[in-house]
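Step one of this worksheet: look at the structure below.
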Amino acid sequence: MNSGIRFDGVSVAYGGTTVLDHLDLTVEPGEVMALLGPSGSGKTTALRAVAGFVRPASGRVFIGGQDVTALPPYKRGIGMVVQQYALFPHLRVDANVAFGLKAQKAPKAEIPARVAEALEMTGMAAYARRYPRELSGGQQQRVAIARALAIRPRVLLLDEPLSALDARLRSGMLAELARLHRELPDVSILYVTHDQVEALTLADRIAVMDKARLQDCGTPQDLYRRPRTEFTASFVGNANLLPVTVAADGVLFEGAELKVPAADATPGSTATLCVRPHLVGLGDGPNALRGRVTEVQWRGSTHRLYVEVGGHRVKADVRELRETPALGTEVTLHFAPQDAVLLGAGVADG
Amino acid sequence: MLVHSRTGRWTAWALFAVLFVPLFALPLLVIVAASFSTHWSGAFPSGPTTAHYTAAVRGESLQALTTSLVTAVTASLVALTVGTWAALASAAMGRRGRRILDALFMLPVAVPSVVVGLAVLVAFSQPPVLLNGTRWIVILAHTVLVTAFAHQSVSAAVRRLDPMYEQAAAGLGARPSYVLLRVRLPLLLPSLNAAAGLCFALSMGELSATMMLYPPDWLPLPVLIFTATDRGSLFTGSALAVILMAATLLALLAVSRIRTRASFR
């Protein structure tokens, strides 16, 4: 099967506003690529460019090595699931799933078996004779996925497929999507979301988008542990970003010398230090930071502390405390040198 | 509910009754009463008789009723087809094209129907297209008049139609013609129904343009009612009016009974 997607310098503009700026990205055959970003970052536009609902101002889109930039949507061999499901309200579930097969003139004798197979795969076989309005949100989403899978697409485009569901259903559907992908290893999946948990859970690689541009791309572990930009660090995992000055043997932050791996940074230059809140500990240790507690939030298994260190707010997620520090008391935080990442020049306040 | 207090509610109902009964209900009731009368004495009609109805369901009157029905059905169907086509086309156009097309189709609403009648009469009284003196000129004028309404109500529905259905269908590999037949038209069906009812009712009651155009062998019911009352046969006219009213209402009721699955959304 010819799957895989390639964006080759794709730009999209609406009436003078550039909503997607020169995107270069390759989704390998069988890969799950998450497009992660806030609203207005251009991620949905990128997906719609693959589907054929927006025409790029420049650049080419390839599906399975074939240039589809000029093809209408119905000739692209895609399957698509959108946030609002878009099930046809006048058709029963089985007719919804059969829609694509009939539209593409699949052999009549094959259709019932393929509809049954798709409904079986998504666990909706028992609901074949229902109308969409008689189903819950989660069930409608399963039908929408079955409808997209029935046509055996080369690529599956998922546009915020879980954001209309409540939290519990969402984690269940995430597991289902992961299972479906194991059953269909050849299909490339482009998954648009603003939810980092969905992206981290499901994707083989994540493309982080902001302000119409691709900011970063890598495996979830890679982006989480070694973010390359401040945007990635704060959007994926909500990191502490501290403005520091590079010193000979580490960095200087508010007068304190911190030991961090800073291989190729020039001493004296400014940079941003990225530390994940859950890797910051309470108490003395290497790389100690002294500051005043400004807020304490209880989050069940953890406590989130906000500590002001020389005018900068540092977040620390620590295991649930027996005794929480009172507001205004002075505490010491620490983190291990290998848990910090030094990001390129530029100063930002965490 | 907007009005909460008990007295407020009673006042609202009373106001409604005072306005609605004399303005809307009473004149229609008087027509019904008159259609069963032989003469008018004082404030009330008298002498219940069904003679006007027996006369009204045969001969010239019956023919006028069928003429009206055939005209209304034909005009509505053509208007619905043309209006829907134009509504779909204008939705696919750019802003400018859409404005021009919508304005063109609104023209017959803005122009008084007498003027439309006269225009049709003048335009089709000479070869090459000589329709004057045939039934087709009446049907044509009705079609022109009601197409505006069909176009307007269908294009409102087309605008409300969520493009995600169309895109979902296209994403599943359906070509535009397939999407139109299997997705868009079925979803528009409730509005098409309503538009058909509106066109039918408007055509059934059309008088002013028809007066300018009707040939002797194609005389719709409103014209007959007008000529009857003009001659002074008020009671015969009333009976015909009740029949026109009943026929139109029955047809509208039948159209509204056509429930579509899309309307259950």
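Points to keep in mind about this one:
- Note on segment A:129-153: residues that are more than 21 Å from A:ALA103 (Cα to Cα), more than 23 Å from the chain's Cα centre (by Cα), in a helix (DSSP H, G or I) and among the small types (Gly, Ala, Ser) amount to 0.
- Segment A:56-89: number of residues that are more than 15 Å from A:ALA148 (Cα to Cα), within 14 Å of chain B (Cβ to nearest Cβ), out of contact with any Phe, Trp or Tyr (no Cβ under 7 Å at 6 or more places or on another chain) and free of Cβ contacts under 8 Å to residues at least 40 places away in the same chain: 2
- Condition met for A:ALA116 (within 13 Å of chain B (Cβ to nearest Cβ), out of contact with any Gly (no Cβ under 9 Å at 6 or more places or on another chain) and part of a helix (DSSP H, G or I)): no
- Those helices (runs of 4 or more DSSP H) lying entirely in segment B:1-83 with at least 3 residues surrounded by fewer than 11 Cβ atoms within 10 Å (Cβ to Cβ): B:6-20
- When restricted to residues that are crowded, with 21+ Cβ neighbours inside 10 Å and either within 15 Å of B:TYR165 (Cα to Cα) or in contact (Cβ under 8 Å) with a residue 40 or more places away in the chain (or both), segment A:129-153 contains 13.
- Segment A:23-43, residues that are over 17 Å from A:GLY65 (Cβ atoms) and surrounded by fewer than 16 Cβ atoms within 10 Å (Cβ to Cβ): A:PRO38, A:SER39, A:GLY40
- The single condition from (1) away from every other protein chain (no Cβ under 14 Å); (2) among the polar types (S, T, N, Q); (3) free of Cβ contacts under 8 Å to residues at least 60 places away in the same chain that B:GLN167 fails is (1).
- For A:ALA126, the test of being out of contact with any helix residue (DSSP H, G or I) (no Cβ under 7 Å at 6 or more places or on another chain), outside any loop (DSSP other than H, G, I, E, B) and either in contact (Cβ under 8 Å) with a residue 40 or more places away in the chain or not assigned by TED's automatic domain parsing to the domain that holds A:GLY30 (or both) is failed.
- Screening segment B:119-147 for residues that are in contact (Cβ under 8 Å) with a residue 60 or more places away in the chain and within 20 Å of B:ALA195 (Cα to Cα) and picking the one that is surrounded by the fewest Cβ atoms within 10 Å (Cβ to Cβ) gives B:ILE139.
- Counting the residues of segment B:204-220 that are outside any helix (DSSP H, G or I) and among the hydroxyl-bearing types (Ser, Thr, Tyr) gives 1.
- Test result for B:ALA196, modelled with pLDDT of 85 or more and away from chain A (no Cβ under 14 Å): yes
- Pairs meeting the criteria (first residue in segment B:225-248 and among the basic types (Lys, Arg), second residue surrounded by 15 or more Cβ atoms within 10 Å (Cβ to Cβ), beta carbons under 7 Å, at least 6 apart or on different chains) are lacking.
- For B:ALA174, the requirement of being within 10 Å of chain A (Cβ to nearest Cβ) and either of a type outside the set (A, V, I, L, M, F, W, C) or crowded, with 20+ Cβ neighbours inside 10 Å (or both) is met.
- Annotation: A:ASN96 fulfils all but one of (1) over 25 Å from the mean Cα position of the chain (by Cα); (2) within 9 Å of another protein chain (Cβ to nearest Cβ); (3) crowded, with 23+ Cβ neighbours inside 10 Å; (4) not hydroxyl-bearing (Ser, Thr, Tyr); the unmet one is (2).
- Taken over segment A:236-265, the criterion of being within 26 Å of A:ALA207 (Cα to Cα), buried (at least 17 other Cβ atoms within 10 Å of the Cβ) and not small (Gly, Ala, Ser) is satisfied by A:VAL236, A:ASN240, A:LEU241, A:LEU242, A:PRO243.
The values are calculated or read from the model by the stated rules, or taken from the named source; none is laboratory data. Here the structure is a predicted model, which means the values were calculated and not measured. Neighbour counts run over all protein chains shown; Cβ positions are idealised from the backbone, glycine included.
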